[in-house]
Amino acid sequence: MSPDRLTFRVSGMTCDHCARTVEKTLSALPGIASCQVSYEKGQGEALLEVPLPFETLRGAVKARGYDLLPYDVSGPEATAPSEKLRVAIIGAGSGAFAAAIRASELGASVTLIERGTIGGTCVNVGCVPSKILVRQAQEAHQASHPSFEGISPASPALSGSLLARQRSTRVEELRKAKYADILAELPNVSYIRGEARLESTRDIRVRTEEGGELAVPADRILIATGSRPQIPAVPGLSGTPFWSSTEALFSGTIPPRLIILGGGFVAAEIGQSFRRLGCHVTVAMRGPHLLSRTDPDLGRDLQGFLEAEGMHFLTRTIPREVRYSEGLFRIVTDKETLEAEHLLVATGRIPNTESLNLDAIGVAIDPSGAVVVNERLETGIPGVYAVGDCTTLPKFVYVAAASGTRAATNMLGAGPSTLDLSVLPKVIFTDPQVATVGLTEEAAIKKGLSVETRTLPLDQVPRALANFDTRGWIRMAAEKDSGRLLGVQILAPEAGEMIQTAALALSAGRSVDEIGGLLFPYLTMVEGIKLCAQSFRKEIGMLSCCAG
């Protein structure tokens, strides 16, 4: 090893200015002739006039909020570390697995630590079982409500126990195929069942299922512990057999009556599904309408469609007390007392961070307990990263997975790799579905933009007419002078299949005139995006079918 040359990696840099800061910090130390640091490569090189302890350099850099990792180099061309970096990942959901796969690809030694079930929320108790439930309920509804006259209803809906068994079976299949089987094939990745606690920025203590303890040293740490249902402090609720979304999704029974506390997407999706499977559903929420955090028209109009199916909504309602006896829930609210055989609490989710000992190492969290991360998915502590529902990032499985890949890329010096959330499509899987991307008119105005909008009812979309289902609309917001697309909101039976077209147009910076001039296949629902774009300049009712 050359005595006058030191190559090292740098952790914690977020921009080229950081690299210059590290350069200046090291160059100011006695005995260093020169120093160069590359933000793009995440590494640097110093020429030493006299031998210096590596910890002296590391201490100076850590005082500025960064960290150094030594390299074993034999000359100016060498870039390989002396041993594999040790990456510890707390959690085994989508974000954790994406990070493990990427870290393994980059040659790290990876340890996954999970206290619960492998696969995380989405595959086990979130996206997958909820969408199966939505589909089951949709087919039961269609069997008894055919769109065309003369079509006999299909066989009665399957029993609740069989429906639950179908959901459980598919969840098990996907958990095995997408997590357990992949884990078995990943090189240099080990798996520990147990609860992790951070002892320092380089040491993790794991309490195993058997009651023992393991020490897991790490050069990099990724927190990906997910979230769980938030249970409000309503007197009498604790100790009753209420449902969270997890119990509702895997219930073997369809109760005669169900009360839902909360007015978000969980209440909407599960509530409609249980209603379609024969349950009388009452939703009690604090907000003025369903989905109160979205475009108001989306929530109000969706609520109207669900009311037409028989769901009952109580808005601006506060639960005061929960009583349970002899198999019956009584919910005392500020308006009336509700009764039902089952109660679903769907009042949001909270991060799983309280047992990690984050305060001891200085990792910042917000008031909800979510880990605060920067654009590189790093916390304020060099070498400690976080992704997924336990962070301040948007709570979507595809955001978690994309974040996991980027966090691993950054922590192993193969970045920088950042997550662009400016074009983030979102879908709520009710019927009709709710899908959005980009800015609403209100959000655009708050940003100081001059905005114009158009709303296209689905009775102006030929495929919706052919489907005999014109529930909903498409709305576009565009910059007034340039026509540049700013955002799209869709309420339609196939909104989730349409929104990515809008996302691609938004990402490409397309104007409504350009979108209106593109070729869209006829008859498709996504053609409605073209028609809505054309409505900025034309009277849609005066166009012939598939008019250009």
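Which of the numbered conditions does E452 fail, given that it passes all the others? Conditions: (1) in contact (Cβ under 8 Å) with a residue 60 or more places away in the chain; (2) crowded, with 19+ Cβ neighbours inside 10 Å.
Every listed condition holds for E452 apart from (2).
Where the second residue is in a strand (DSSP E or B) and the first is at positive phi and lies in the range 456-481, which pairs have Cβ atoms under 7 Å and are six or more apart or on separate chains?
Short answer, once both residue conditions are applied: G472/L491; G472/A492.
From the list T315, T253, which residue is of a type in the set (V, I, T), farther than 15 Å from L343 by Cβ and in contact (Cβ under 8 Å) with a residue 40 or more places away in the chain? Explain how you work it out, then say what you get.
Values: T253 fails: farther than 15 Å from L343 by Cβ.
None of the other options fit; the residue is T315.
What are the residue pairs meeting all of these: first residue in the range 96-108, first residue assigned by TED's automatic domain parsing to the domain that holds T405 and farther than 18 Å from A400 by Cα, second residue acidic (D, E) and not in a helix (DSSP H, G or I), Cβ atoms under 9 Å, and 6 or more apart or on different chains?
Partner pairs satisfying both residue conditions: A108/D219.
Which ones in the range 232-255 are closer than 12 Å to I270 by Cβ, in a loop (DSSP other than H, G, I, E, B) and within 28 Å of the chain's Cα centre (by Cα)?
Answer for the range 232-255, where residues must be closer than 12 Å to I270 by Cβ, in a loop (DSSP other than H, G, I, E, B) and within 28 Å of the chain's Cα centre (by Cα): S244, F250, S251.
How many of the residues in the range 32-59 are of a type outside the set (D, E), under 39 Å from the mean Cα position of the chain (by Cα) and surrounded by fewer than 18 Cβ atoms within 10 Å (Cβ to Cβ)?
5
Out of the residues in the range 365-380 that are surrounded by fewer than 20 Cβ atoms within 10 Å (Cβ to Cβ) and on the phi < 0 side of the Ramachandran plot, which is farthest from the chain's Cα centre (by Cα)?
Out of the qualifying residues, it is G380.
If I go through the range 127-144 residue by residue, how many of them are under 29 Å from R193 (Cβ atoms) and surrounded by fewer than 23 Cβ atoms within 10 Å (Cβ to Cβ)?
5
Restricting the search to the range 271-297, which residues are buried (at least 24 other Cβ atoms within 10 Å of the Cβ) and β-branched (V, I, T)?
V281, V283
Every residue, every condition in (1) in a helix (DSSP H, G or I); (2) of a type in the set (D, E), yes or no:
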{"residue": "D431", "(1), (2)": "no, yes"}
{"residue": "T436", "(1), (2)": "no, no"}
{"residue": "E442", "(1), (2)": "yes, yes"}
{"residue": "R475", "(1), (2)": "no, no"}
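The values are calculated or read from the model by the stated rules, or taken from the named source; none is laboratory data. Just so you know, these numbers come straight off a predicted model, no measurement behind them. Cβ: placed from backbone, ideal geometry, glycine included. Neighbour counts: every protein chain shown.
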